[in-house]
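The values are calculated or read from the model by the stated rules, or taken from the named source; none is laboratory data. These numbers come from a predicted model, not from an experiment. Cβ placement follows ideal geometry from the backbone for every residue including glycine, while neighbour counts extend to all protein chains displayed.
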């Protein structure tokens with residue numbers, strides 16, 4: 001494992017912190033697909049005992065983010081273009097429903113999200129790009145007024161984050177265009193135009209899926225596992 005992980009401040013229970021830090025590193029591409037992880041290395045870098053690391057890795061394995069490695073340790077689970085396509089099928093339906101319900105309420109997306117999104121698109125902080133992208137969509141999920149919708153969407157976004165992380169690490173294109181689409185969706189929702197909001201959301205999801213799968217195929221063709 002060639003990357004450096006942050007240290008954790010002393011606390012009685014570190015499982016949640018270890019899990020979240022590893023998940024963030026996997027999601028933003030810091031820990032690339034195929035990276036080998038060992039309990040000892042993680043515990044040493046984070047300055048915690050092996051116990052919370054073992055528990056955190058167990059949860060990550062259950063969630064599908066790591067898998068057993070030959071010999072010892074675990075590997076960050078390889079990315080799968082087919083799975084990404086399936087995730088986007090579900091996400092597309094949820095996003096369209098959220099956009100329609102939010103438009104019926106004439107929800108106003110905070111303009112600051114759009115501003116920060118455009119700023120992040122011009123930068124190099126992949127985690128910031130992913131975080132503000134998720135913030136935009138989560139705002140619409142919440143505005144829909146159906147808590148089950150937001151809860152359902154989070155399951156898929158956790159996995160989409162790591163695909164976005166891998167692709168954004170290697171690609172600088174089309175970032176601004178994404179926020180043009182976001183802004184158009186926000187304007188349709190604010191105007192109460194549910195038909196346009198759904199149509200724009202469907203188009204956005206279709207483009208995002210096509211772009212992400214295409215870039216992922218390129219990434220998988222060029223990348224080799226880090227072991």
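Odds and ends about this structure:
- Of all residues in region 127-162, those that are buried (at least 21 other Cβ atoms within 10 Å of the Cβ) and part of a loop (DSSP other than H, G, I, E, B) total 1.
- Taking each residue of region 145-164 that is assigned by TED's automatic domain parsing to the domain that holds residue 217 and looking for partners that are surrounded by fewer than 20 Cβ atoms within 10 Å (Cβ to Cβ) and not in a helix (DSSP H, G or I) with beta-carbon atoms closer than 8 Å, six or more apart or interchain, yields 145/105; 158/63; 159/64.
- When region 90-110 is filtered for residues that are surrounded by fewer than 16 Cβ atoms within 10 Å (Cβ to Cβ) and in contact (Cβ under 8 Å) with a residue 24 or more places away in the chain, the ones remaining, listed by number, are 90, 104, 105, 106, 108, 110.
- Residue among 5, 37, 57, 23 that alone is crowded, with 19+ Cβ neighbours inside 10 Å and either in the same structural domain as residue 154 (by TED's automatic domain parsing) or within 26 Å of residue 138 (Cα to Cα) (or both): 23
- Output for region 68-126, where each listed residue is under 22 Å from the mean Cα position of the chain (by Cα), part of a loop (DSSP other than H, G, I, E, B) and over 20 Å from residue 29 (Cα atoms): 109, 110
- For residue 68: the one exception among (1) crowded, with 20+ Cβ neighbours inside 10 Å; (2) at pLDDT 90 or above; (3) in contact with a strand residue (DSSP E or B) (Cβ under 7 Å, 6 or more places away or on another chain): (1)
- Within region 26-42, the residues that satisfy the criterion of being in a helix (DSSP H, G or I), under 14 Å from residue 74 (Cα atoms) and either in contact with a helix residue (DSSP H, G or I) (Cβ under 6 Å, 6 or more places away or on another chain) or free of Cβ contacts under 8 Å to residues at least 12 places away in the same chain (or both) are 26, 39, 40, 42.
- Which numbered condition residue 2 fails, given (1) at pLDDT below 95; (2) part of a helix (DSSP H, G or I): (2)
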